[in-house]
Every structure is written in C-alpha cells, then in structure tokens.
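Working notes, beginning with the structure itself.
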Amino acid sequence: MLCASICTIGDEILIGQVTDTNSGNIARALEEAGIHVRSMISVGDSKEAIEDALHRELERSSIVITTGGLGPTKDDITKAVLARFSGSKGYREDPGQLEMVHKILRGRGLDVLPINLAQAQVPEKAEVIVNRLGTAPIMVFRSLLGKSTLYALPGVPHEAVGAIPAVLEDILAHFKPGSIIHRNIMVYGMAESALSEKIAPWEDALPANMHLAYLPNTLTGIRLRLSSYGGDEKSLEAQLEALKEMLGELVYASEDSTLEAAVGKLLKERGETVSAAESCTGGEIAHLFTSVSGSSAYFLGSVTSYAVTVKEKVLGVPAVVIRDNGVVSSEVAAAMAEGVRRLTGSTYSVATTGLADKDGDGQNPGGTVWIGVSGPRGTRTVKYCYKNDRARNIERFAASALNFLRLYIENRI
C-alpha cells in the first residue's frame, strides 16, 4: 500500500493562532486517490524540528507533503532547510515561477521587490510545479533518503488546496496507488465500550487489510467506518452485511447520516408525518428536523411546552396527571405526545419532559428524561438518565427521542 505523511510547518499552528485545515484537505484527496495517509504532524519554525520530522516521515512513507514556511519573510525557513536536507549546493531561478511572481504582483498593483523575486529561487535539486495562485513555488524533491519523494506546498490554505490536483497528477505519474475503500454504518443505543465488546469476535476475525474505526458523536451516536486497504469491494460489503446483521435495530443508516435524516427518510417513504412536544429539550428536536432539507414534507410543527400551564392549556395534559405523577414522568410524556398529535393531526408524535441540569427534583435525579411517542399503534414511553452538563444532556435527550421514534416507526417497540 502506497503511504504518505503530511507535515504542516509553522509556530502559528502550534500556539493555536491558526487552525490547520490543509492537512484534512490533502488527506481526503490522497485517500480518494488510493494513497493511505499514515500520519499527520505539525512542527514549528525550527530547523532542527523540521529536519527531525522530515527524516522520520521519509523513513516511514514513500510520499511526504509539507505545507508552510515558503513565504518571503525571515521566519519562513522551510526552503533553506529543504535545500540542506536534499544536498543542494546552491539555488537556481525558476523561470515559470518568476513569471508568475511578476504577473501576480502587477495584477495587485504592487511593486515587484527583490524579496518577492527571491521566491522564484529554488534549491538546485528541486523540481518546480508552478504555483499559479501565489508567489511561492511548489517544490518536488525526489529520492530523498534513497526512496521517498517530498512535495513542499505553500501554507496559505487556498494555495495549498489549489496545488492538490497538480501534486496528485505528479504522484500518479511516478507511483502506483492501491485500492482504498471506506464504508460507514450509523449506530445508536449502545455505549462505545459495550458495542466494542459485542462485536469483538467479528472484529478480531477481520482480514489483515481491513480496519474498523469507532467515531462517536452525541447527536448521531457512533459511526462505524470499515476500511479496506488493497482489497476488493465485494469482500468489504460481505463483512459489512455481517456486522449489520449482528447489530440489528442498533443500525439506523447504511451511510454517514444523522438520526433526523434517517427518521425523515422513513416518513417520506411512507408518506407519513410527525410533530413534537418539547419541554426539557426546548425546541432542539424541532431544530434537528427542520435542519434537513425537504423536512416540510413530513414535519408538521412543534409545541415548546416549557411551563406547566402550556402543557395543560395547549397540549391538554390533565392537571391531575401532573399533580399525581409529577412533571417528569411517563404519564406526562405520554399525555404530551398524545396532545400534540391530536393538535396537529400528525401520524406520529414525540415528546420530552425531564431535568437537563445536574440537580434533581426530589423524585428524579438530574439528567433524567421521559420520552413519549404516540402513533397508530398507541403510545410508548421510555426513561433515560444521563450525567452530563446541561447542553450535552439536551443533545442526548433529543437524539434519544429521535431514536425512540425511529424504533416505533419501524415497529420495533
């Protein structure tokens, strides 16, 4: 498998002043081309640090791509380090980049200064891919440490992204990439550790060229990404189907998706509708539904019934139900769901009532939520208790409500 390393250079990245977006953009392009990214590192503007990093990554990977440190100012030292590292004894002027320096600066109405002209000077052992978006050239150093190729890209994000097609073209002209296939399934309803234990026998039996990654998210559950390096798609799909069969109702999508999109897809396919009654989630469920394009086809609306009076007067929750059971209860969640379904005429409805803060109410601990779902098969409720901060609890309440609704629609509860 052809492997690459990506190295971003600059003190501004290490101190958090600038966020590195170059690595992600380059990595995505490499993976799509069948080149496995083995590592991403960032180093500061230090000759020793840059040389150490380059030596280490060139030993590990056939391709190393750097970004940053090619500008005209004194803190841009990457070119000098690469000259020494490559054994170049001098510099030469690249006519293509020199022409681009003049063109860019004159186009901006700027004087062409000696410091700008120096950017067209490259180490004698460097090949040049002309950078048409900036004054610093894209440099290529071949056979470093006897086997690897290094591509030095500018650090300015739009210039780095703009350089990717030309760099890929050069890589493909000199290397033979392999086959990299990624597939995702979305899972909700089981903690990462428990999920790992459940599928351990399957995961342990995976072929050596396949790897499973766990990518948890509060709102979407766990994305399981199965990757095949150098294998065939048929074998990967067979393994994925075996995993989906093992997980059953925990799987809500066979691609990178969200719970709100998955529920929306179900409703669209069936020509059915949904509404929401929210207390502790404060409109989060409605927000998630309406964040999906085309949700007006199935999402009718919601009532944010934060106050008891709204629960009673708008949703029609009987005062006696609240008095006898408490606001945070199965009975109130059920009555809220039935009330908003009756109010909107939706096929299904989902409701939440709970305690988003860490403090309890004497009857329920903080982080408790009761979820109610109502539909053609009657009303169901479920209770969860989470131990997070207020914002995270609200997200988990909403995600759990969407998943409970999904299971109801799929006739699993």
Selected residue (criterion: surrounded by the most Cβ atoms within 10 Å (Cβ to Cβ)) from residues of the stretch 189-203 that are touching a residue at least 24 places away in the same chain (Cβ under 8 Å) and in a helix (DSSP H, G or I): LEU195
Inspect all residues belonging to the stretch 132-141 and state whether any of them is aromatic (Phe, Trp, Tyr), within 29 Å of ASP20 (Cβ to Cβ) and buried (at least 19 other Cβ atoms within 10 Å of the Cβ). yes
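Conditions (1) surrounded by 14 or more Cβ atoms within 10 Å (Cβ to Cβ); (2) at positive phi, marked per residue:
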residue	(1), (2)
GLY109	no, yes
ILE115	no, no
ILE129	yes, no
LEU144	yes, no
ILE171	yes, no
PHE175	yes, no
MET186	yes, no
For the stretch 22-29, check the following and say yes or no: at least one residue is closer than 17 Å to GLU169 by Cα, without any contact (Cβ under 8 Å) to a residue 40 or more places away in the chain, outside any strand (DSSP E or B) and not aromatic (Phe, Trp, Tyr). yes
Flagged in the stretch 335-354 as over 12 Å from LEU405 (Cβ atoms) and surrounded by fewer than 24 Cβ atoms within 10 Å (Cβ to Cβ), in numbering order, are GLU338, ARG342, LEU343, THR344, GLY345
Of a type in the set (Lys, Arg), more than 24 Å from the chain's Cα centre (by Cα), part of a helix (DSSP H, G or I) and farther than 20 Å from ALA391 by Cα, is that true of LYS234? yes
Return the pairs, sorted by first residue and then second, in which the second residue is of a type in the set (Val, Ile, Thr) and at pLDDT below 95, the first residue lies in the stretch 387-413 and is assigned to a loop (DSSP other than H, G, I, E, B), the beta carbons are less than 9 Å apart, and the residues are 6+ apart or on different chains. ASN388/THR218
Of residues in the stretch 323-361 being over 21 Å from SER275 (Cβ atoms) and part of a helix (DSSP H, G or I), the one nearest to the chain's Cα centre (by Cα): ASN325
Select from the stretch 356-380 the residues that are crowded, with 24+ Cβ neighbours inside 10 Å and not small (Gly, Ala, Ser) and list them in ascending order. VAL369, TRP370, ILE371, VAL373
In the stretch 303-340, anything in contact with a strand residue (DSSP E or B) (Cβ under 6 Å, 6 or more places away or on another chain), over 24 Å from GLU395 (Cβ atoms) and not acidic (Asp, Glu) is listed as VAL314
Taking ARG223 as meeting all but one of (1) of a type in the set (D, E, K, R); (2) surrounded by fewer than 18 Cβ atoms within 10 Å (Cβ to Cβ); (3) not in a helix (DSSP H, G or I), write down the number of the exception. (2)
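Which residue is nearest to ALA166 (Cα to Cα), if the candidates are limited to the stretch 90-131 and must be part of a loop (DSSP other than H, G, I, E, B) and in contact with a Lys or Arg (Cβ under 9 Å, 6 or more places away or on another chain)?
ALA126
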If you take the residues in the stretch 21-31 that are touching a strand residue (DSSP E or B) at 6+ places or on another chain (Cβ under 8 Å) and surrounded by fewer than 19 Cβ atoms within 10 Å (Cβ to Cβ), which one is nearest to LEU153 (Cα to Cα)? ALA27
Those residues that are in contact with a Phe, Trp or Tyr (Cβ under 8 Å, 6 or more places away or on another chain) and not in a strand (DSSP E or B), I need them from the stretch 274-302; list them, please. SER279, CYS280, THR281, GLY282, GLU284, ALA286, PHE289, THR290, SER295
Does GLY10 count as at positive phi, surrounded by fewer than 18 Cβ atoms within 10 Å (Cβ to Cβ) and not hydrophobic (A, V, I, L, M, F, W, C)? no
Check ALA242, ALA286, ALA213, ALA297 and return the single one that is farther than 30 Å from SER329 by Cβ, among the aliphatic types (A, V, I, L, M) and either assigned by TED's automatic domain parsing to the domain that holds VAL340 or surrounded by 15 or more Cβ atoms within 10 Å (Cβ to Cβ) (or both). ALA297
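The values are calculated or read from the model by the stated rules, or taken from the named source; none is laboratory data. Since the model is a prediction, treat every value here as computed from it, not as a measurement. Note that each Cβ is placed from the backbone with ideal geometry, even for glycine, and that neighbours are counted across all protein chains shown.
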